[in-house]
Structure formats: C-alpha cells, structure tokens
RNA sequence: GCCGAUGUGGCGGAACUGGUAUACGCGCACGACUCAAAAUCGUGUGGGGAAACUCAUGUGGGUUCGAUUCCCACCAUCGGCACCA
C-alpha cells in the first residue's frame, strides 16, 4: 500500500521536536553514551548526499542505545568559519555572517527532513561569538603555556592579485582566481607547538579503539624516527681546519664507518652562500635552480637523481678519512638537519646516487646468517633471504657489523647503542629523535575566522586580551580581500587595530591575523557537553563536573580525509586542556570509525564541475526520508566507497510499502516460521548494527518481511517488535504503523527487544551431502542429528547411492549442522 | 617507490570460526490484472549442455576430505604519503 511520506514525515518530526525525546539529560542516573559525527561546513551548495551516510549510521546507533536504556548525547552543529564563505562574500559583497546564517538554515532544514535524532537544544556554531570566545580563550591558554609562538613561515603569494593564498587556492603553481604566477613569501605567523605532543600522540593511540588504518595513518604522519645527530668537521679551501661543522641526522648511526660522502640540501648550501661562502659557479647554479623548483617538480615521479660536488670535504669522525660533500635536491631542507651522511652500501637512495656519480661504497653490515634466522621463523627467513637477493650490493636490513672497528661482530641493534655512546664520549654526536610532524601554522591573513586575541605593545611585547573582554569580535569591514601588503583585511580597520595595552595602558595594536578553521573544530566535542551548564559563560572550571560526566566521546565517526588534520589537532587540543586540568580524559574519543565516500554512478567522485552531484532534497521529496536513510546504509559495506544508484532507492521504497502491507496480516496467531524469523532478525540486526554491517542488517529486515508475506499472518506483538527494529532505520514509517495498530507512545520510548535463543533454532535443516568434496545431494535432518542417522539417510538417497555403487568408503567427514562429506 | 585496501552474476553486493558460492536489492524475461500502459502481484534468472554433468569468486601454484575464506608468487584497480636520511 502506497503511503504519503511527506505527510507522515512532517507529523513525526513535529512530535519528536515537541516532546524532546532526543534531548540528552545532564546529571542523569542512566549510563551515558556520547555519539558524535563530524559537524558539517555549511557551504552554499547545501547538504551533500554523502553527509547522511555517516549521520544515519550513528543515528541508528544512537537510537538503539536510547532503547537500550542509555542517556544518549547525539549533537549537531556548524563548523562555519572558512574560505568558501569568505570568497563568496568577496564575490557578492555580502556579509559572511549573513551568508553563513542562510546556509545554516538550509542545512538544518535538510538534516531535519531526514529525521535524525539530534539533540538540537545543544546546537553550536563556531562563528557564534558565544562559541568563539572559548576558542579564543583556549588559544590564550596555549599562549600562556608558551606553546603559541611567532615564527617566520612561508605563505603562498599571488603576484597579480597581491594577496596571500591558501594551499587550496594554488593550482599547479598558479593562482586559482586569476591564473597568475604565485611564489612563496616569508611572513611572521603564529605557530602552535603540536610537536611537543608528538610522542604522546603516538603512544596514546595504543589504548584507543580506532580502526587500525587510522592509527597507522596517524603514526606515519607524525613520523617518529629514532637515531642520532652526528657532527662532521668540514674542510673548506682557504679556511682553517675544524672551523666549520655540518650536523647530519641518521637513523643508522651503526653504519657511520660506511659513510663515504655527505649530501646536503640546496637550502643548507644556500645558507652557506648567504653567510659568505664562495661557492663554485656550477654549485651556485644548481642551488638556485633547485630552490626555484616547485614542490611538485622536486617530488615528481621516477626522477633521475641530480646533484653536484660542493667543493667541500668532510671528515668522517669514525674513519677519520676525508669524504666529499655533495649537494642534491633529494635531501630536504626542512627535515632533520637538512643534511645526511650517505651510506651507499646500506641505503637505496644513497646507493643509486653513488652509482650515478661513481662514488665509493663501503660495506659495513653483513646480512645475518640464514641459520640464525631459520632458528626463529620460516617465513621470516624467506623474507630475509629474498631481500638479500634483491638488493645485490645494497643491503638495507639489519645484520652484523663488519669493517667497523670497535663495532665489528655486533648486531645492528647493539652496534647502534655502542656507536651512540662512542659519539657522546667523543663529543661529536648524540641520540636524537625527529618527527615528520611540524608545528601548526595558526595564522591566516583572512577575515572570516576568529580574531587572534593578542595585543602588541611596544613596552610589553605580546599581551593577552583579558578574559573579560572576550569574545573579541570581528569588526565590520568594507572589503573582505586580504590587503596588498599581505595583511588580513582587519589591518585596514585602524579603529579596531589601535587599542591600549591591557598591561600598561599604553598605546598598542591588535593582532590582525585570524585563526584557521581547524581551531573551532578542535574542541567542539566539549562544547556540546558544556552547552547547558553555566550559560556557556566563563570560567572554564565551572564545567569540570559536566565534562567529567560526558567525556570522552564513546563513538566518533567521520571521514578518512580528516585523519591527519582535524583528528590529530583535536586530540592534541584535548591533551593540552587535560594537562591544564580542564578536561577529565587525556583522549577525546574512545572509538573512531570511518565511512566510505559515496561516488557517482560511474564510480568516480561526485563533483560540481562534472555535474554528477546528487541532491538529497530531490531524493527525500521523491522517495521519502526513510527510503533515503535505508539506501544510504544498504548500498554497500559502510567503510567502503560505493557508487550511488538511483535504482537502489526504488527497492527501499518497495520494501517500506511491503512493510506497510503487513498491517493487514495482523491476526491472533502466527506460524513458527514467523516467530523464528522475528527472533533471528532481532539477533542479526542487533549484532550487525554494532559492527556497522548496516547493509546486512537491512537485508535481514527484508528477509523477515518476505517471510511474513509468504506465511500470511503475524501477531500484533511480533509486528510491534519488528517496528521497534525498523524504527532505527525508518523512524517515520515505523512510528506511523505503530500508531495505526493502536500504539499511543512514540516508538522511541520502547525498550530494545531481546531475542530468545531457543526460538531461533531451526528444527529441520537442509544439509548438503558431498562425495569427495563435491555437493551431490541435499537431506533434511535435525541440526543436532547423530552421524549414524545422517549417514543412513544419505546413503538411502538414490542420487547419492549412484555414486556409492561399487565404491568403498574411505572416510566420512561429518560436521554437525554443516556438512556430510563421504570420501571414496 | 613505500604504506594500506579491494578484486565474486548484467549492476550494488552476501557468505559465521575453512563446510550447499551468488543471501538481499536492482535490472532483465515470461505470466496475471488492464482496451492499453504504468503500478502491483506471481514465476524464472551465473556460463555451457537436451540431460547426466561440467566450468565459474582477478591469474598461477600450494595446504585440506573440502578454499571466496589459509599460505606463496603474480596481475589489476582504488586510496594515502611521496626521495623523511
């Protein structure tokens, strides 16, 4: 029976709103469950069809938890500062505040139309002064703790627009807007020292329930490597010996005896030249060309290694021999010390460089004896063996030190230790850990962000804006473009900029940079919990209890693309607040899962330029919110990318209509099949939802509806239990059918049904009979039948007998409830 | 190049701990209803073969009574990082 989805959706959405069933309760006696999805950026394009995938998934979980008796917090808000809105404002001359308000209204309407069980009473918005006063306050905490500092960092600069650009606005080295050339310019910017937390950000991953690939990606991003920093004396023509040194970082100090040359980055040589060193002409040429190259060029695929001899020699502290110093762009200026000791016999890049420029090799590690490895593990031995064969002259694995003086005969591990001790004793090096992770550039020369609440005073240097003056709001400006001097548009508002120093009362200027949009999203999970306490006002200490009640987030779902930025920033931010004593847990999220992207029908990414974007409004209007919710979860495995197929929605709609038809089949009795099917469905859905196997959960409900249709009748009790299950996925129709069949309460207030294991057991099952492992027949038996009974039944089957004729049975494999295999 | 994931009908996908490969949905074909169509309902639907049977889970091997599942090698596709010392 067709139903009018628009009518019933409105009806139940109003009911949920007016009864407040989805409101989380502060100070409740029930156990808490904090369920979180990434809050969206309210863009002008409206909700993307991919958003509801994550939201529906955790909506199902939130709804189930409520029915299971938890006090559930499932909130929603807006991450609304950012570039697209600002650019839209620049283009149209409208206020970003207005544009944001409109976009939020659209998003909220769209989310409401899908029936999510968000607690809208806790809605937050990062651009709301009442919200960002906290973001500003927290920044000041970083500042007070010495973790926020100013440093000169390069920004992208468009030569023709004369403005700074975000990385995103630079496409292939040109300005996205005008196509003009861009270059890097140094600018003093605020930084936050996330690297101080690098170790803890890695170590604390250990105890978290994150999907393994998320952990791996964060570890790789932080990129911890342990090794040593070693100082090499340089021998420069016309300069006294030992007057200069170059430090290198290595993860393999044990191979120092094998270092046959040094390689320094163009950046390092550039530094030498700037300090007055006379480089040979070809060195100068090489360096200036290398520095001009964009990152894309320098890192392009399968590029031949280039380099040039610098003219400088270095002294290997272990062998005391002079070795040449080369310049090459494969060594990065930003990583480590910008220089390496090359050990061509034991590093692949050094090896290919040495081959190309005919530099000497010196073997200092012998692969471990096969015998030694064989003693441990066969697979390992094979792996070790193959790596030895493949590398030929270059062996990168661990082994035994040779040609290495006092290290000879030691294992790589032991040799590393001894070498570090030796370096320290001689005063030429020490153990050192480096990270790939760099400090967080926290300044933007933009309008649409939180103003950085600092004041610069000639006398007092940088001073915090006092808590009582927060929020520090954005001034009204005439133009939203960054200024031609590279300052943010705020710099032109002299009335706003010029102020008095909070410390000494003298004249002072405000910082005109704003914060990146990552700032507001780095602590928003706290804001939802804080929202109803103390009117969201200072001080932070007044939220201690409520944060203790709600934190950490029990389940956080979001996109893989946020793994190394938002997810890492917010973990860091929370850890910092934890150290300051403001939040109760060192980690913000106990569990993190990820959804797969929704692709266009042809399997490619949806994009406006391709015109293959699916509009959720149209889908909801045409097929109904429940069908869209079901399809978002049914379309494929939740964690994997899946193409959007409009036909899939047709099937969901049919399923809902079939469910509606069951109302006519309600009667006093039902068959065993229906009862069993119901309990099987409850079990399957319960388990699948927890494991995020939503696609098979939906399929289980379909199977049940098909069963009832075949059987023709269902009791009211069973139908009601089914509606509770269905309510997770299709809450509008489930409530409607519940009311139609006499229910007076919202389905959301019912307890989650419990299945009876006894009712799930089938009394007769079909068992395959195999001959030599091939299925040859089917028999009907009790699931726990004894082998003799099953054999008798099987051998009396004419189909099976045919195979047994004139053969001797060698073996019978019988697995209860699974298989009977007769081996001839 | 490194890391990670994936590969099953016409399509999206399912398969517990190794136990009837293709659940569920889409599509398609035929039938019913209809003047007709849509919608709906019913039946069928991996390939080959009249059938017995046989071949099929990216490819090639292996372990096993039995492999989509475990092991080895390879191929392809997607994602992340990209010369990280």
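The values are calculated or read from the model by the stated rules, or taken from the named source; none is laboratory data. Note that the coordinates shown come from a computational prediction; the quantities given were computed from them, not determined experimentally. Cβ coordinates were reconstructed from backbone atoms using ideal geometry, including for glycine residues, and neighbour counts include every protein chain displayed.
Here are a few things to note about the model shown:
- First in the range A:647-665 and without any contact (Cβ under 8 Å) to a residue 40 or more places away in the chain, second anywhere and within 6 Å of RNA strand B (Cβ to nearest atom), Cβ under 9 Å, 6 or more apart: A:648/A:635; A:651/A:702
- Flag if residue A:130 is at pLDDT 95 or above and either surrounded by 19 or more Cβ atoms within 10 Å (Cβ to Cβ) or in a helix (DSSP H, G or I) (or both): yes
- Qualifying positions in the range A:403-420 - part of a helix (DSSP H, G or I) and either in contact (Cβ under 8 Å) with a residue 12 or more places away in the chain or farther than 16 Å from residue A:251 by Cα (or both): A:405, A:406, A:407, A:412, A:413, A:415, A:416, A:418, A:419, A:420
- Enumeration of residues in the range A:230-260 that are away from RNA strand B (no atom under 16 Å from the Cβ), assigned to a strand (DSSP E or B) and in contact (Cβ under 8 Å) with a residue 60 or more places away in the chain: A:233, A:234, A:235
- The condition (being part of a helix (DSSP H, G or I) and in contact (Cβ under 8 Å) with a residue 40 or more places away in the chain) is satisfied by just one residue among A:632, A:668, A:687, A:618: A:632.
- Here residue A:315 qualifies as under 23 Å from residue A:405 (Cβ atoms) and either surrounded by fewer than 18 Cβ atoms within 10 Å (Cβ to Cβ) or modelled with pLDDT of 90 or more (or both).
- Applying the set (1) touching a helix residue (DSSP H, G or I) at 6+ places or on another chain (Cβ under 8 Å); (2) surrounded by 15 or more Cβ atoms within 10 Å (Cβ to Cβ); (3) free of Cβ contacts under 8 Å to residues at least 24 places away in the same chain to residue A:612 leaves exactly one unmet item: (1).
Condition check ((1) at pLDDT 90 or above; (2) more than 14 Å from RNA strand B (Cβ to nearest atom)) across all residues:
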{"residue": "A:375", "(1), (2)": "no, yes"}
{"residue": "A:386", "(1), (2)": "no, no"}
{"residue": "A:393", "(1), (2)": "no, yes"}
{"residue": "A:396", "(1), (2)": "no, no"}
{"residue": "A:405", "(1), (2)": "yes, yes"}
{"residue": "A:417", "(1), (2)": "yes, yes"}
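- Filter pass, residue A:329 being farther than 19 Å from residue A:312 by Cα, surrounded by 18 or more Cβ atoms within 10 Å (Cβ to Cβ), within 8 Å of RNA strand B (Cβ to nearest atom) and under 40 Å from the mean Cα position of the chain (by Cα): no
- Filtered by the rule that a residue be within 16 Å of RNA strand B (Cβ to nearest atom) and either modelled with pLDDT of 95 or more or not in a helix (DSSP H, G or I) (or both), the range A:709-727 gives A:712, A:713, A:714, A:722, A:725, A:726.
- Every test in (1) without any contact (Cβ under 8 Å) to a residue 40 or more places away in the chain; (2) within 12 Å of RNA strand B (Cβ to nearest atom); (3) touching a helix residue (DSSP H, G or I) at 6+ places or on another chain (Cβ under 7 Å) is passed by residue A:778 save one, and that test is (3).
- Inclusion of residue A:263 among residues that are closer than 30 Å to residue A:364 by Cβ, within 14 Å of RNA strand B (Cβ to nearest atom) and either under 37 Å from the mean Cα position of the chain (by Cα) or surrounded by 14 or more Cβ atoms within 10 Å (Cβ to Cβ) (or both) is warranted.
- Residue ranges of helices (runs of 4 or more DSSP H) in the range A:735-824 with at least 1 members on the phi > 0 side of the Ramachandran plot, loosely packed, with under 10 Cβ neighbours inside 10 Å and within 43 Å of the chain's Cα centre (by Cα): none
- Residue A:361 vs. criteria within 12 Å of RNA strand B (Cβ to nearest atom), surrounded by fewer than 21 Cβ atoms within 10 Å (Cβ to Cβ) and at pLDDT 80 or above: no
- Per the conditions (1) in a loop (DSSP other than H, G, I, E, B); (2) closer than 26 Å to residue A:517 by Cβ, the sole criterion not satisfied by residue A:30 is (2).
- Filtered residues of the range A:690-699 (kept if buried (at least 20 other Cβ atoms within 10 Å of the Cβ) and assigned to a helix (DSSP H, G or I)): A:694, A:697, A:698
- Residues of the range A:476-520 satisfying the condition of being in contact with a helix residue (DSSP H, G or I) (Cβ under 6 Å, 6 or more places away or on another chain), assigned to a strand (DSSP E or B) and surrounded by fewer than 18 Cβ atoms within 10 Å (Cβ to Cβ): A:509
- Selection from the range A:664-708 of residues that are in contact with a strand residue (DSSP E or B) (Cβ under 7 Å, 6 or more places away or on another chain) and away from RNA strand B (no atom under 12 Å from the Cβ): A:665, A:666, A:670, A:674
- When restricted to residues that are within 12 Å of RNA strand B (Cβ to nearest atom) and assigned to a helix (DSSP H, G or I), the range A:635-663 contains 17.
- Residue A:601 being more than 24 Å from the chain's Cα centre (by Cα), farther than 29 Å from residue A:724 by Cα and within 13 Å of RNA strand B (Cβ to nearest atom): yes
- Selection status of residue A:430, out of contact with any strand residue (DSSP E or B) (no Cβ under 7 Å at 6 or more places or on another chain) and not in a helix (DSSP H, G or I): no
- Positions within the range A:706-734 being surrounded by fewer than 21 Cβ atoms within 10 Å (Cβ to Cβ) and closer than 15 Å to residue A:657 by Cβ, in sequence order: A:706, A:709
- Residue A:534 meets the conditions (1) touching a residue at least 24 places away in the same chain (Cβ under 8 Å); (2) at positive phi in every case but one. The failed one is (1).
- One residue from A:11, A:32 being touching a strand residue (DSSP E or B) at 6+ places or on another chain (Cβ under 6 Å), at pLDDT 95 or above and more than 19 Å from residue A:618 (Cβ to Cβ): A:32
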